[in-house]
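Chemist: Sharing a structure below in structure tokens format, with a few things to ask.
Computed from the coordinates by the stated procedures, all read-outs in this text should not be read as laboratory data. Quick caveat: nothing in here was measured; it's all calculated off a predicted structure. Because the Cβ atoms are built from the backbone with ideal geometry, glycine has one as well, and the counts that use them run over all protein chains shown.
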Amino acid sequence: MGPVGSIAVKLVGFRRGHSSAAVRRLEAKMCKELKTKLLRLLPPTSNGPTIHQDIQTDGAEILSCAVKALKDSHVVAVPTDTIYGLACLAQNSEAVRKIYDVKGRNEHKPLAICVGEIQEIYKYCKVKVKEGLLGDLLPGPVTLVFERSEALNADLNPFTSLVGVRIPDHNFMRRLCQMCGEPLALTSANISSQTSTVDVHEFQELWPKLAVVVDGGPIGDQNRLGSTVIDLSVLGKYRVIRPGCALSSTLDVLESKYGLSED
């Protein structure tokens, strides 16, 4: 996806692979009735935007809308570099409770946080690896688990001293975090225990519970594996929590380049 500033946005009106105009009208009507904002990211073309002027706007508009919803303690659905996610402000306890309710998620299952820049990780985590290691793996389809710092909301995962952190390789998500100025709590966009989603229509039953749904189109190779989750909280060691979609390349960095051994 190109720079967010050049991404065109289509408000109200989703694309389904071969959906009819009637289906699209029905979705728009449903959206209006539910007061859920459905926003579509459209990638730029080499010859400039090809959509009509009346449905085109600056990429900043979709970011502004999502940021406002997050700041108002709402939950939003967003595309990432792996699967679709649900996001809220990690420092907002009310929003954290909402995201558990939306998913029907067990309250003892942790949420990861998402930040826009590597330096932000040091504020919310106690990092025991070289900064170069972070730069080799992030941004990317990897969640790194560290001991949490006192700066992180105590109501986020209060049952553990650890927290997973992501920087998705996705321009929209990175910019969203930067504009919020604080970490997002992030989890997969699906009802708990159900299959991960790579298209917005796959979690359509959740739309009524969300303030904003951002459609970034079908994601990646659609393997639905999610990010590779690695615990780096023990000095010189790593532990695989979830293999995910980037295990081999991640272990190559950890072992071959930085000499970490499996815990």
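Chemist: Please sort 177-190, 128-141 by packing, taking for each peptide the average over its residues of neighbouring beta carbons within 10 angstrom, highest first. Could you put the intermediate results ahead of the total?
Modeler: Values: 177-190: 21.9, 128-141: 16.7.
Descending mean neighbour count gives 177-190, 128-141.
Chemist: Which order do the peptides 166-172, 257-263, 230-236 take when ranked by the mean count of other beta-carbon atoms within 10 Å per residue, highest first? Before the final figure, lay out the partial values.
Modeler: Working: 166-172: 22.6, 257-263: 12.3, 230-236: 17.4.
The packing order, highest mean first, is 166-172, 230-236, 257-263.
Chemist: Run the quick spin-label model on residue 106 and residue 195: label points 7 Å from Cα toward the beta carbon, then report their separation in nm to one decimal.
Modeler: 2.3 nm
Chemist: At 0.36 nm per residue, minus the direct Cα-Cα distance, what do residue 155 and residue 258 gain on full extension? Give it in nm, one decimal, please.
Modeler: Values: separation 103, 0.36 × 103 = 37.08 nm, distance 3.37 nm.
That works out to 33.7 nm of additional length.
Chemist: When the chain is fully extended, how far beyond the present Cα-Cα distance does residue 178 get from residue 68, taking 0.36 nm per residue of separation? It would help to have the intermediate numbers written out before the result.
Modeler: Numbers: separation 110, 0.36 × 110 = 39.60 nm, distance 1.34 nm.
Taking 0.36 nm per residue and subtracting the Cα distance, the gain is 38.3 nm.
Chemist: Going by average Cβ density within 10 Å per residue, which order do the peptides 151-160, 108-117 take, highest to lowest? Can you show the working numbers first?
Modeler: Details: 151-160: 15.2, 108-117: 19.7.
So the peptides 151-160, 108-117, ranked by packing, come out 108-117, 151-160.
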